[in-house]
Structures are given as C-alpha cells and as structure tokens.
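Enquirer: Below you will find the structure I want to go over with you.
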There are 2 protein chains.
Amino acid sequence: MAELVERARAAEPRAVARLISLVEDRSPLLREVSAALTPHVGRAHIVGLTGSPGVGKSTSTSALVSALRATGQRVGVLAVDPSSPFSGGALLGDRIRMQDHALDDGVFIRSMASRGHLGGLSATAPQALRVLDAAGCDVILVETVGVGQSEVEVAGLVDTTLVLLAPGMGDGIQAAKAGILEIGDLFVVNKADRDGAATTRRELRAVIAMTDRADGAWKPPILLTTATTGEGVAEVVDEIAAHKAHLDQSGELTRRRLARIRREIEGLALADVQSRFSHLSADVRLDTLAEQVLSGQADPFAAAESLVESL
Amino acid sequence: MAELVERARAAEPRAVARLISLVEDRSPLLREVSAALTPHVGRAHIVGLTGSPGVGKSTSTSALVSALRATGQRVGVLAVDPSSPFSGGALLGDRIRMQDHALDDGVFIRSMASRGHLGGLSATAPQALRVLDAAGCDVILVETVGVGQSEVEVAGLVDTTLVLLAPGMGDGIQAAKAGILEIGDLFVVNKADRDGAATTRRELRAVIAMTDRADGAWKPPILLTTATTGEGVAEVVDEIAAHKAHLDQSGELTRRRLARIRREIEGLALADVQSRFSHLSADVRLDTLAEQVLSGQADPFAAAESLVESL
C-alpha cells in the first residue's frame with residue numbers, strides 16, 4: 001500500500017486509477033488507503049461544477065481543464081453521474097470523456113456513478129478526492145448534473161462551487177427554486193453567443209442581490225463564457241483563484257473543510273452503525289421489528305428505539 | 001392526541017391537516033402521533049406517480065383523482081417537491097393545487113418539500129402516509145418529480161409505482177439511464193394526442209421486455225392517456241387495481257411493506273444515533289475529531305471508529 005501511494009504521489013496514472021478503484025469498490029483495503037493518504041492531502045483546491053442538463057457542463061469542464069493547464073497547474077476531474085443509482089459504474093466511461101486531454105499527463109479524469117444507498121455521492125467522493133489531492137493535483141474539478149439535491153450535495157464536498165447556467169434556462173424563479181443561489185460562489189452563463197445571455201446575467205444579478213450571505217465579503221461574480229470556443233474561460237480561472245484567495249484570507253477555507261470532514265466522519269460512523277444493525281441477535285433484528293410494526297404490535301419509533309438500545 | 005386521531009379517522013379535514021403538520025414539523029409529539037395511528041393503518045393502497053418535468057404529472061394526478069372518485073374511493077394526494085431542499089414548505093401550496101377537488105370531502109391533498117438532510121423524502125413521508133391511511137383513504141397518490149434518485153426513493157415508499165412519460169421524451173436509453181424501468185409497475189404515456197405516442201409505447205415495450213424481473217408474474221402494462229381530457233385514465237385506475245390484486249395474491253404486498261418498514265425503522269434509528277453524536281463529551285466530539293483529520297493526525301475512518309465506540 002505504501003508503495004502504491006508513493007507511485008500515486010509520483011503522479012503515475014495507473015497507481016492513481018488503482019487507488020480510486022479501491023475507494024469506489026469499497027475495498028476492505030479502504031481504511032488502509034485512507035490512512036496512507038492522510039499525511040499527503042489538503043493542498044488541492046476543490047471546485048464543484050454544477051448546472052441543469054443542457055447548459056454545457058462537459059464542454060465547460062473540458063475548456064476549464066485547458067485554461068488551467070495553460071497556467072501550468074495539474075488538474076483532476078471527478079465527473080459524477082447522480083442519475084444512475086443502479087449502475088456500478090458511470091455510463092460515460094473515462095475513455096470517451098474529454099479526449100482532448102487524453103494524452104496530457106498533467107490531467108487525471110475519472111467518472112463515478114453515485115449509488116442509491118445511504119450517503120450517495122458523499123460516501124465515496126471524498127476518498128476519491130483525497131487520492132487526486134495526494135497525486136499532486138493543484139485544482140480538482142467535481143462535475144455533477146444539477147438535479148434534485150445533488151447540487152447541494154456537491155457544494156458540501158468542495159471548496160468553491162461554480163454554478164453553470166445558459167441563456168433562457170436560468171430565470172430567477174427557477175434558480176431560487178433549485179436552491180442554487182445559496183450555494184454558488186461563482187456563476188457562469190455559458191452559451192453567451194446565444195440571445196438572452198445578458199438578460200440572464202441581469203436577472204441573476206438581481207436575485208443574487210436579494211439573498212442573504214452570512215459570509216458578507218464575497219460577492220459571487222457572474223461571468224459569460226462560450227465553452228465551445230473557450231471565450232471567457234480564462235476569466236473563470238482567474239475568479240476561481242480569486243475565490244481561493246478569499247477563502248484563505250477569511251479563514252472560510254478552514255471552516256468549510258472542517259464542516260466537510262465533520263460530515264464525512266459522521267457519515268462513516270453512521271454507515272458503521274448501520275452495518276452493526278445487521279449483526280444483531282434475532283429478537284431485535286430489523287426483520288422481526290418490521291413484522292411487529294406491520295402487524296400493528298409496535299410503532300416505528302418504538303422499534304427504532306429497541307434497535308438502538310440493543311447496540 | 002387520541003381525540004385528534006379519532007377526528008382524523010372520522011375524516012375531519014382539519015384534524016388530518018393538523019396531524020400531517022405535526023409530522024412535517026417533526027413535533028416532539030411525533031412519537032405519540034405515530035403510536036396512536038399504529039392500530040389504524042395498513043388499509044390504503046399507496047401509489048407513487050413519477051416522471052420527468054413536463055410529462056404532465058399534476059394534470060395526471062388530478063385526472064386520476066377524478067377517476068378514482070368516480071369509483072367511489074376516498075383519495076389522498078401527497079405531492080412531494082424534491083427540488084426544494086432549503087425550503088421548509090413546498091412552493092406550491094395546498095390551496096392552489098388541483099382546485100377541481102377543493103370542495104370534495106372525499107379527497108385530501110397535501111404538498112410537502114423534501115428537505116436536504118439525512119433521509120430526505122423518506123424521513124417524513126411515511127408518517128404523513130400513515131395519517132392519510134388512518135383517515136380512511138382507499139388510495140393514496142404520492143406525486144414526485146422524477147429527477148435524480150427521487151424516483152427510486154419514491155418507489156421505496158409505495159406499493160405500486162406508476163411512471164409517466166410523454167411522446168418523444170421517453171426513448172429507451174433515457175429511460176434505462178434514469179433507472180425507471182426497474183421500478184415501474186405501470187407505465188403511462190401521457191399526451192397521447194401528440195405525434196409519437198405509439199412509437200414511445202413501442203420503444204418502451206421493447207426495452208421493458210429486456211429487463212429482468214425477479215417478480216416474474218407481473219408484466220408492467222403500458223397505457224396511453226390524455227390527462228387534460230381524461231382519455232384513457234379509467235383504464236389506468238383499472239390497472240392500478242389489477243396490480244394491487246396481484247400484490248395481494250403473490251404475497252408481494254407483504255414483502256414490499258416489510259422492506260419499507262425495515263428501511264423506515266433503520267432510518268429512525270440512524271437519526272437517533274446521529275442526534276446522540278452531538279451529545280458526546282468534548283474529547284470525542286465531532287469538532288475535535290474533524291480538527292485531527294484536517295491537521296493530518298487521524299484519518300476519517302479512525303475518527304469515525306472513535307465516534308461509534310464512544311456511544
């Protein structure tokens with residue numbers, strides 16, 4: 001394991017891929033991987049990229065990778081597909097994604113399916129991010145489709161959240177409903193060559209001005225890009241760096257990371273408790289309790305209480 | 001509480017609304033509510049209704065309510081909005097939904113926001129369903145937007161899952177990707193007056209024929225409706241009843257309900273454990289452990305272990 005981690009730290013792609021696979025498959029070695037990585041993490045700037053289907057997330061991610069590479073930074077990409085709860089692997093494999101960067105050894109790209117079980121995305125992604133971090137990535141982009149709770153979930157995994165919109169799709173009410181205004185540190189209106197980009201930006205600015213931000217100092221910029229041509233993407237890279245500087249100076253980086261680690265520890269502890277539930281003696285086993293509730297002999301709260309007390 | 005439950009059982013709307021509010025607000029009385037309801041639940045047939053935005057879910061729900069009422073059944077509707085993790089209440093209030101049924105005392109309609117915390121939809125909805133069940137509803141429709149994992153989540157809450165599609169939206173790959181083929185007991189192609197409805201049905205039939213179904217006997221029917229005119233909706237009601245009969249005869253109803261109750265008990269137990277985590281002594285408190293992980297003194301797994309052991 002120590003050797004594998006050393007090879008990953010030397011940015012050897014196969015070692016990085018192997019470690020992420022161990023994490024994704026929840027290998028029994030997971031604990032050992034995590035312990036071995038611990039001294040080598042905390043350097044990467046983790047940036048979440050979210051938005052509704054159709055705003056151009058993959059193209060934007062690819063354009064951002066190019067722009068980040070142009071500044072000499074090493075880049076990791078974790079593409080999460082939350083629409084696939086049943087699949088064990090993402091539908092879009094690593095190989096067919098972002099072929100532009102396939103031969104660049106300063107870029108690691110990985111797709112992950114977020115599973116349907118407890119914790120979902122949040123259960124495996126932090127460990128995968130730790131691997132990319134230890135492998136020397138300066139920036140790690142976490143790309144996810146912004147549906148349901150997944151965009152809020154992704155904001156909980158990253159240092160900086162970038163929300164992508166497209167003209168005509170991002171009117172104020174939609175944005176407010178999806179809860180993205182609260183989570184966005186940067187807003188990017190992509191497809192800026194289309195009609196309505198300026199209107200979308202104006203509307204967005206108006207609704208953002210109305211949201212309360214406890215973190216007073218940072219005003220989320222709203223940028224325009226055309227990811228297909230790369231227009232405006234360098235400015236996004238600048239703003240990502242500016243937000244990182246703000247996080248560092250304000251102490252907000254430490255606060256966000258501590259909150260993230262707290263949630264991660266709590267999630268791991270709850271998963272541990274859950275696995276203990278399945279090893280209890282027959283009279284307090286979930287099956288028995290469920291039968292009592294079905295037959296009206298117990299209510300669910302009383303059943304849950306006996307379960308916890310028997311730990 | 002006993003009196004409130006009695007009034008709800010007598011189908012008094014204000015008592016039903018009050019009980020659901022207690023559930024939704026996670027009132028300290030929740031346990032008492034749950035215990036008082038326990039002897040009176042298990043009769044209602046719970047039907048989930050899911051589909052992508054734009055397929056006509058609200059109109060279909062309203063048309064189904066009319067068709068169910070025409071057969072003399074009492075109907076409950078729980079409309080869940082999973083896109084609103086921050087809001088404490090759904091954006092569409094109960095009053096502006098489905099005004100056609102506002103004066104019908106055989107119908108209860110309730111909107112709920114699914115929150116962003118652990119368990120989401122699955123944490124409060126079962127209790128709300130229990131209230132509607134005890135209030136004498138013969139059928140309860142649970143309507144939710146089919147995005148991300150929410151449609152899989154809703155399938156876990158109901159006896160019968162109805163998946164809505166519209167012409168041109170439901171091609172095989174999309175459906176397979178969203179995981180809806182595995183969860184659907186009934187498929188309804190709405191907007192059947194539009195071009196392509198027959199094609200969508202044919203494609204859907206082809207992909208459904210390819211899915212493995214452990215429960216061999218039931219072949220999910222694919223129906224055509226025009227919810228705005230009510231065309232085809234009576235047939236959907238017939239198929240809902242046919243599926244209920246199949247569930248009863250095959251023993252699958254008991255299996256599904258036991259699995260559901262098991263998950264509910266487990267969810268309540270984990271929430272209880274989670275609340276205990278926040279009452280631990282300072283040296284094993286989450287804050288302290290998170291700081292150790294951030295500084296590289298501990299890995300998240302070791303931290304989670306100390307948390308569980310200190311319970």
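Enquirer: Just checking: which of the helices (runs of 4 or more DSSP H) contained wholly in the stretch A:1-79 hold 1 or more residues that are closer than 30 Å to A:Asp238 by Cβ, in the same structural domain as A:Asp104 (by TED's automatic domain parsing) and touching a strand residue (DSSP E or B) at 6+ places or on another chain (Cβ under 8 Å)? Before you say what the answer is, go through the steps one by one.
Expert: Values: elements: A:2-9, A:13-24, A:30-37, A:57-70.
Helices (runs of 4 or more DSSP H) meeting the threshold: A:57-70.
Enquirer: Just one of (1) within 12 Å of chain B (Cβ to nearest Cβ); (2) more than 18 Å from the chain's Cα centre (by Cα); (3) at pLDDT 90 or above trips up A:Val41, so point out which.
Expert: A:Val41 satisfies all of (1) within 12 Å of chain B (Cβ to nearest Cβ); (2) more than 18 Å from the chain's Cα centre (by Cα); (3) at pLDDT 90 or above except (2).
Enquirer: Any idea which residue in the stretch A:253-300 is nearest to the chain's Cα centre (by Cα), counting only those that are among the small types (Gly, Ala, Ser) and at pLDDT 90 or above?
Expert: Our first condition is that a residue be among the small types (Gly, Ala, Ser); within the stretch A:253-300, this holds for A:259, A:267, A:269, A:271, A:275, A:278, A:281-282, A:290, A:295-296, A:298.
From the residues that got through so far, the ones that are at pLDDT 90 or above too are A:259, A:269, A:290, A:295, A:298.
Numbers: A:Ala259: 14, A:Ala269: 20, A:Ala290: 35, A:Ser295: 42, A:Ala298: 40 Å.
Ranking the qualifying residues of the stretch A:253-300, first place goes to A:Ala259.
Enquirer: Please specify each residue of the stretch B:159-173 satisfying the condition of being among the aliphatic types (A, V, I, L, M), at pLDDT 80 or above and surrounded by fewer than 24 Cβ atoms within 10 Å (Cβ to Cβ). Lay out the reasoning, then the answer.
Expert: To start, the set of residues in the stretch B:159-173 that are among the aliphatic types (A, V, I, L, M) comprises B:162-166, B:169, B:173.
Now narrow it down to the ones that are at pLDDT 80 or above: B:162-166.
If the condition is that a residue be among the aliphatic types (A, V, I, L, M), at pLDDT 80 or above and surrounded by fewer than 24 Cβ atoms within 10 Å (Cβ to Cβ), then B:Ala166 is the only one that fits.
Enquirer: All but one of (1) at pLDDT below 85; (2) within 30 Å of A:Asp272 (Cβ to Cβ) hold for B:Ala217; which doesn't?
Expert: Of the numbered conditions (1) at pLDDT below 85; (2) within 30 Å of A:Asp272 (Cβ to Cβ), the odd one out for B:Ala217 is (2).
Enquirer: Right, here's the next one. With the condition kept exactly as written, say whether any residue in the stretch A:198-205 is aliphatic (A, V, I, L, M), more than 14 Å from every other protein chain (Cβ to nearest Cβ), closer than 17 Å to A:Gly184 by Cβ and crowded, with 19+ Cβ neighbours inside 10 Å.
Expert: Taking the stretch A:198-205 first, the residues aliphatic (A, V, I, L, M) are A:198, A:204.
From what's left, more than 14 Å from every other protein chain (Cβ to nearest Cβ): A:198, A:204.
From what's left, closer than 17 Å to A:Gly184 by Cβ: A:204.
Pick out the ones that are also crowded, with 19+ Cβ neighbours inside 10 Å and you get A:204.
Checked against the condition, which is being aliphatic (A, V, I, L, M), more than 14 Å from every other protein chain (Cβ to nearest Cβ), closer than 17 Å to A:Gly184 by Cβ and crowded, with 19+ Cβ neighbours inside 10 Å, the stretch A:198-205 yields at least one hit.
Enquirer: While we're here: Looking at A:Leu280 and the list (1) surrounded by fewer than 17 Cβ atoms within 10 Å (Cβ to Cβ); (2) in contact (Cβ under 8 Å) with a residue 60 or more places away in the chain; (3) among the hydrophobic types (A, V, I, L, M, F, W, C), which single condition is not satisfied?
Expert: Unmet condition: (2).
Enquirer: Select from the stretch A:45-54 the residues that are closer than 16 Å to A:Thr161 by Cα and over 14 Å from the mean Cα position of the chain (by Cα) and list them in ascending order.
Expert: Applying the first criterion (closer than 16 Å to A:Thr161 by Cα) to the stretch A:45-54 yields A:45-52.
Correct list: A:Ser52 only.
Enquirer: Quick check: anything in the stretch A:205-228 β-branched (Val, Ile, Thr), assigned by TED's automatic domain parsing to the domain that holds A:Gly48 and under 19 Å from the mean Cα position of the chain (by Cα)?
Expert: If we filter the stretch A:205-228 for residues that are β-branched (Val, Ile, Thr), which is where we start, we get A:207-208, A:211, A:222, A:225-226, A:228.
Subsequent filtering for residues that are assigned by TED's automatic domain parsing to the domain that holds A:Gly48 retains A:207-208, A:211, A:222, A:225-226, A:228.
Then drop every residue that is not under 19 Å from the mean Cα position of the chain (by Cα), which leaves none.
No; the residues of the stretch A:205-228 include none that is β-branched (Val, Ile, Thr), assigned by TED's automatic domain parsing to the domain that holds A:Gly48 and under 19 Å from the mean Cα position of the chain (by Cα).
Enquirer: Same structure, new question: Counting just the residues of the stretch A:119-135 that are out of contact with any strand residue (DSSP E or B) (no Cβ under 9 Å at 6 or more places or on another chain) and in a loop (DSSP other than H, G, I, E, B), which one comes out modelled with the highest pLDDT?
Expert: The qualifying residue modelled with the highest pLDDT is A:Gly120.
Enquirer: Find the helices (runs of 4 or more DSSP H) located wholly in the stretch A:212-311 whose residues include 3 or more that are away from chain B (no Cβ under 14 Å) and under 30 Å from B:Gly296 (Cβ atoms), and list them. If you could, list the steps in order and put the result at the bottom.
Expert: Numbers: elements: A:233-250, A:252-277, A:286-294, A:300-309.
Correct list: A:233-250.
Enquirer: So which of A:Ala209, A:Ala176 ends up being away from chain B (no Cβ under 14 Å), closer than 24 Å to A:Glu252 by Cβ and at pLDDT below 90?
Expert: Working: A:Ala176 fails: away from chain B (no Cβ under 14 Å).
Residue meeting the stated conditions: A:Ala209.
The values are calculated or read from the model by the stated rules, or taken from the named source; none is laboratory data. Here the structure is a predicted model, which is why all the values come from computation and not from measurement. Backbone-built Cβ (ideal geometry, glycine too); neighbour counts: all protein chains shown.
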